[in-house]
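Here is the structure we will look at.
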Amino acid sequence: MPTEANTNNAAAAGTWTLGDLTVNRIGFGAMRLTGSGAFDAGVPSDRERVIGVLRRAVELGVNHIDTASFYFSALRSANELINRALAPYSDELVIVTKVGPSRDQSGEWMDWPTPEQLRGQVEENLRQLGRDHLDVVNLRRLRPGSIAEHFGALAELREAGLIRHLGLSNVQADQLAEAQAIAPVVCVQNRYSVDSRPAGSDELLRLCGEQGIAFVPFFAIAGEGREDGAGGVEPEAVQAVADAHGATAAQVRLAWTLHQGPHVLAIPGTGNPDHLDENIAAGALRLTDDDLARLTAA
């Protein structure tokens, strides 16, 4: 059992490796740093407050931050906030970004890029973060069908030294296999939560575990709320387990996520320092078999 001294540290959840990079299984997602939503401009949050949240996250043992250059609002860029808060970066800090989606300066979504245009997205992430290489880059799929050409373009950038490791986002098992035939995949980032598990998700989670690939759910707290975030009435099972443990519903959702396998990572994001502390503490929450069965059935 975790001791009182380590319940508020990301290390309480254990570690996993992304290629040769070791990370604590509780990380931090940067998508909400720039406003209220993930894929809209949102209302810009207080700059100094979110910089403080990022620094506090690292103090609490977070060494895995998930971000993207398309996380921005009219006045905020997640990557540039990370740069401002955390550079010069610790050697232990792993920053994972993603390419594929892109937005123009007005915030409007642009067409799915050509493979050649992915290099520009990688270079934009490098510039904003102030890095000479990216630790991990996920190719986020936006359209059905083959990803081979786009993933191959990223594999070339990996060979050129701009990217250390590659991952995937919003994919299915056949696309994972397609990518693995081109270059190693260290993580898969898909929507997955207590109450939001798309068809094929459980099988993909299992495949990743068997192959030593990290499975990284997004919207683990928001569930069906997705971009709008958590809120509303929680499912009865989630609230009941939370009450039994003296925890919040968000903590139970994160704990359930981490209990799905040692290869499963969590990347909850917030611009609220109190919520940050609660999210990190969820890594020490141990659910019983009865809890897990009740939550999964729900």
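Throughout, read-outs are computed from the coordinates displayed, never taken from laboratory work. All of these numbers come straight from a predicted model, not from anything done at the bench. Neighbour counts are summed over all protein chains in view; Cβ atoms, including those assigned to glycine, are modelled from backbone coordinates with ideal geometry.
Observations on the structure shown:
- log₁₀ of I(q)/I(0) at q = 0.07, 0.09, 0.12, 0.13 Å⁻¹ - the chain, Debye sum with one point per alpha carbon: -0.24, -0.40, -0.73, -0.87
- For the range 62-102: Kirkwood Rh in Å [reciprocal of mean 1/r, alpha carbons]: 11.0 Å
- With the gyration tensor restricted to C-alpha atoms of the range 170-282, the semi-axes of the equivalent ellipsoid amount to 27, 14, 13 Å, longest first.
- Sum of side-chain charges, Ile280 neighbourhood, beta-carbon under 12 Å (Lys, Arg +1; Asp, Glu -1): -2
- Net charge of neighbours whose Cβ lies under 13 Å from the Cβ of Gly200, counting Lys and Arg as +1 and Asp and Glu as -1: 0
- Nonlocal amide H pairs with Leu18, under 5 Å, H built at 1.01 Å: Val23
- Each part gets one Cα centre, and for the range 46-96 versus the range 260-277 those centres are 14 Å apart.
- Rg to Rh quotient for the range 251-298, alpha carbon positions, Kirkwood Rh: 1.00
- Prolate/oblate/rounded label for the range 103-167 (Cα gyration tensor, a/c 1.5): oblate
- Formal net charge of residues neighbouring Val252 (Cβ-Cβ distance under 9 Å; K, R +1; D, E -1): -1
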